[in-house]
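Okay, so here's the structure we're looking at.
The values are calculated or read from the model by the stated rules, or taken from the named source; none is laboratory data. These numbers come from a predicted model, not from an experiment. All Cβ positions, glycine included, derive from the backbone under ideal geometry; neighbour counts span all protein chains shown. Each accessible area value is taken on the protein alone, full model and side chains, heavy atoms only, with ligands, DNA and RNA left out. Shrake-Rupley method; radii C 1.70, N 1.55, O 1.52, S 1.80 Å.
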Amino acid sequence: MPLPVPAARLRPLALAAALAAEGAWATPAEEVDANEPAAMPTVVVKGEADSTDSYTTRRTASSARLDLSLRETPQSVSVVTRAQIEDFRLDSVNDMLATTTGVTVERVETDRTYYTARGFDIINFQYDGVGLPFVFGNVYGDLDTALYERVDIVRGANGLMSATGNPSATVNFIRKRPTANFQASASATFGSWDQHRVQGDISTALNEAGTLNGRVVAAYQKGDSYLDRFSNDRKVFYAVLEAKLARDTTLTGGFTSQDVKTRGGLWGALPLYYTDGSPTNFDDSTSTAADWARNKVGNKRSFIEFAHRFDNGWRAQATVSRATTESHGKLFYVYGTPDKATGLGLFAYPSRYDSDNRQTLLDASATGQFQLFGRTHDLSFGGSWSKSTLGDQSLYGRGIGDPLPSLATWNGAFPEPLFDAAFDGSYYEDKRKAAFVAARWDLADNTKLLTGLTAAKADSSGLSYGVSKFRSASKTTPYVGLVYDLNSHLSAYASYTGIFNPQSETDASGNTLAPIEGRTTELGLKGEWFDRKLNASAALFKTKQDNTAEQAGYVGVKAYYRGVNAESKGMELDLSGELARGLQATAGFTVMSVEGADGKAARTFIPRRLLRTSLTYQLPSLPQMKVGATANWQDHTWRDEADGVTIRQGSYALVGLMARYDIDRNFSVSANVNNVTDRKYLTSLYWSQSYYAAPRNASVTLSWKY
């Protein structure tokens, strides 16, 4: 149950001319040994041997469990590589996803975030292709990116990989893996508001034969904030061992720990309008946190992965993972609507909150090739089982309803109360199992058909704040994708994908609502150039999500719900990789509409147009120097409140700059500036409250690599 808050040199100069002339850019053909038999690519979703400076990847298995190039994948896929993360200091998942095509990051609080794509909430994070939907539909705590080699974002329904969820996107985090060759790196960053961060990464063989390799990644970040009274302390540790048990058999085990402590964190946020309906306009440092507010979130994740390749080229893999998230907080919520003249009209709501979430997941799959009608086709199949438990409690403090002074003058002073005024909480269990099969049919040299089915069943039981969490549902969802190569660089594709998500809300008769059903239809073009160092795509999409629970009224004091439908449709453009020697870029543009069953605009807190761009250039006249910039823009958003007030956030653009100088082959120094124009804007309109994002800020990093 969520915290109970009351009542989101330039090759392309030749590119345009060549594209107009032949529909593609001419590049040298890849060298291929004609006597080498075709082998099914490995399915394990590890970090690849792409260029360490690349902003794209040559292959991904994040869409259909088949290791394909981005061009071969009949869905929209964006990639954030390690190089981009380091160039722009994208040290948190929130900062990283905010650079991604079509994704919005809804920071509703300092410790709680929602994500959306194509009009709907993202609730699936995966790790090397394995994962479960969020317990609360959001992420609690500020997740770090230090342990990831790359992140793939697959937009649309993705039932083959996720089984259950929303038709929005699946985010797949590709962990760093051990290397037999010794490599190491370290960095120290110093930034605005006394922020400082140290990070290290070391990988090596642990025996002479090179059959046992290990890697350790650690990071520590601490500092104050532009927000009054807020500070954070984040510790990250990751260790992984990889053992070569035999020539074709590998056993890998890893453990991740992240602990985040915050002082003065937000629970809820600022009121956005006065009693007369006019918008509030606080200083961007204004906070509603009491001076004693504290929160601690601990995430632990471990996995064991067994993989074997057979003599016939088939590969089997089994993974067991265990994840726990614990939180302990003393929180302070502020509710009410202030008077414009006095600032009065706000009230206190103190609470203690503790939660314990545990997840166990088993996943097994096999991938290989088979012959049929004289052609070679790819096949993948497997299954998964998971169990999640959640226990949480809210201990409400004395002083609920006490009046507060104006936020313009309040310094966070409020006596820390005893938390014994009332108690409530949850305990429930969720079990899910799924099986899938996917085949990539080689219909012709230039035509591939990808088909698949996922059968999933989900069951839950227990109570959450007095409301039953019982649900039981099963469904089989399809996956169909066709890719047609127009020439050696361009392909056209079409796909239809489905997904479903059980829900526990009940209607006026007490019956559990049917599951949410999502489906995505997509049509597009994809291209790859320069030996897959540059990827681009253009897609038209239509996404429907039916039967989402919406509160419809009360029977006595118990709320009942109805299922509502929504549809989004639009266009996405995406580009990533090397535009010219030394010039790396990512760019994405999204335009869409989101409507309810009545044809009216829905989920208006989500911008209808988004632009995301990042670019770096290594200067040919001074190759030790790299410079870069980001430019992100989003359309205006709004939110209609029940009392007739409309909250608005105007469109805005954010600019960031970076520069790095390589002192020698091992040491470098870099500088980053974010929000260069010092734009003031709200972090989200997902809720009726929000707070202001960080003003202009800067950091300097000293890095070492071996």
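Taking the criterion of being open to solvent by less than 30 Å² (accessible area, probe 1.4 Å) and on the phi > 0 side of the Ramachandran plot, would at least one residue in segment 656-673 satisfy it? Break it down into steps so the answer makes sense when it comes.
Here is the first cut: in segment 656-673, the residues open to solvent by less than 30 Å² (accessible area, probe 1.4 Å) are 656, 658, 668, 670, 672.
If we keep only those that are on the phi > 0 side of the Ramachandran plot as well, we get none.
No - not one qualifying residue is present in segment 656-673.
Could you give every pair whose Cβ atoms fall below 6 Å, whose first residue belongs to segment 264-277 and is within 18 Å of Ser231 (Cβ to Cβ), and whose second residue is open to solvent by 10 Å² or more (accessible area, probe 1.4 Å) and basic (Lys, Arg), counting only separations of at least 6 or pairs across chains?
That search, which allows pairs on different chains as well, returns Gly264/Arg229.
Give the residue that is surrounded by the most Cβ atoms within 10 Å (Cβ to Cβ), with candidates limited to residues of segment 308-367 that are touching a Gly at 6+ places or on another chain (Cβ under 9 Å), in a loop (DSSP other than H, G, I, E, B) and not hydrophobic (A, V, I, L, M, F, W, C).
Pro338
Quick one: is Asp546 farther than 13 Å from Ser76 by Cβ and out of contact with any Ser or Thr (no Cβ under 6 Å at 6 or more places or on another chain)? If you could, list the steps in order and put the result at the bottom.
Values: farther than 13 Å from Ser76 by Cβ: yes; out of contact with any Ser or Thr (no Cβ under 6 Å at 6 or more places or on another chain): yes.
So Asp546 fits the description; yes.
Name the residues in segment 78-110 that are open to solvent by 10 Å² or more (accessible area, probe 1.4 Å) and either among the basic types (Lys, Arg) or over 30 Å from Val627 (Cβ atoms) (or both), would you?
Arg82, Arg89, Arg107, Thr110
Just for strands (runs of 3 or more DSSP E) wholly inside segment 474-561: which have at least 3 residues that are within 23 Å of Gly588 (Cα to Cα) and touching an Asp or Glu at 6+ places or on another chain (Cβ under 8 Å)?
Once the strands (runs of 3 or more DSSP E) in segment 474-561 are filtered for at least 3 residues that are within 23 Å of Gly588 (Cα to Cα) and touching an Asp or Glu at 6+ places or on another chain (Cβ under 8 Å), what remains is 490-501, 534-555.
Read through the list (1) closer than 25 Å to Asp121 by Cα; (2) surrounded by 15 or more Cβ atoms within 10 Å (Cβ to Cβ), then give the number of the only condition that Ala653 fails.
(2)
Checking the conditions here, which among Thr683, Thr646 is under 26 Å from the mean Cα position of the chain (by Cα) and either open to solvent by 50 Å² or more (accessible area, probe 1.4 Å) or of a type in the set (Ser, Thr, Tyr) (or both)?
Criteria check complete, one pass: Thr683.
Out of all the residues in segment 255-275, is one or more of a type in the set (Val, Ile, Thr), outside any strand (DSSP E or B) and either modelled with pLDDT of 95 or more or open to solvent by less than 30 Å² (accessible area, probe 1.4 Å) (or both)?
yes
For the list (1) more than 28 Å from Asn232 (Cα to Cα); (2) outside any loop (DSSP other than H, G, I, E, B); (3) open to solvent by 10 Å² or more (accessible area, probe 1.4 Å), I need the number of the one condition that Pro178 fails.
(2)
For segment 599-642, give me each residue that is part of a loop (DSSP other than H, G, I, E, B) and crowded, with 18+ Cβ neighbours inside 10 Å.
Those that are part of a loop (DSSP other than H, G, I, E, B) and crowded, with 18+ Cβ neighbours inside 10 Å: Ala602, Arg603, Thr604, Phe605, Ile606, Pro607, Arg608.
State yes or no: is Arg263 among the charged types (D, E, K, R), over 22 Å from the mean Cα position of the chain (by Cα) and over 22 Å from Phe190 (Cβ atoms)?
Details: among the charged types (D, E, K, R): yes; over 22 Å from the mean Cα position of the chain (by Cα): yes; over 22 Å from Phe190 (Cβ atoms): no.
Judged against the criteria, Arg263 is not a match.
Scan segment 368-386 for residues that are surrounded by fewer than 16 Cβ atoms within 10 Å (Cβ to Cβ) and part of a strand (DSSP E or B) and jot them down.
Phe370, Gln371, Leu372, Arg375, Thr376, Trp385
Quickly run through segment 185-218 and pick out the residues that are open to solvent by less than 60 Å² (accessible area, probe 1.4 Å), more than 21 Å from Gly253 (Cβ to Cβ), not in a helix (DSSP H, G or I) and not basic (Lys, Arg).
Within segment 185-218, Ser185, Ala186, Ser187, Ala188, Thr189, Gly191, Gln195, Gln199 qualify.
Sort out which residues of segment 497-524 are open to solvent by 30 Å² or more (accessible area, probe 1.4 Å) and modelled with pLDDT of 95 or more, and write them in order of number.
Those that are open to solvent by 30 Å² or more (accessible area, probe 1.4 Å) and modelled with pLDDT of 95 or more: Thr521, Leu523.
Test Ile122 against the stated conditions and say whether it is of a type in the set (A, V, I, L, M, F, W, C), surrounded by fewer than 23 Cβ atoms within 10 Å (Cβ to Cβ) and within 15 Å of the chain's Cα centre (by Cα).
Taking the combined requirement at face value, the residue does not satisfy it.
A quick yes/no check of all residues on (1) modelled with pLDDT of 95 or more; (2) under 18 Å from the mean Cα position of the chain (by Cα); (3) not in a loop (DSSP other than H, G, I, E, B):
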residue: Met1; (1), (2), (3): no, no, no
residue: Ala14; (1), (2), (3): no, no, yes
residue: Ala24; (1), (2), (3): no, no, no
residue: Val32; (1), (2), (3): no, no, no
residue: Ala38; (1), (2), (3): no, no, no
residue: Thr52; (1), (2), (3): no, no, no
residue: Ala83; (1), (2), (3): yes, yes, yes
residue: Glu86; (1), (2), (3): yes, yes, yes
residue: Glu106; (1), (2), (3): yes, yes, yes
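How many residues are over 18 Å from Thr113 (Cβ atoms), open to solvent by 10 Å² or more (accessible area, probe 1.4 Å) and in a loop (DSSP other than H, G, I, E, B) when one looks only at segment 129-175?
Adding up the residues that qualify gives 1.
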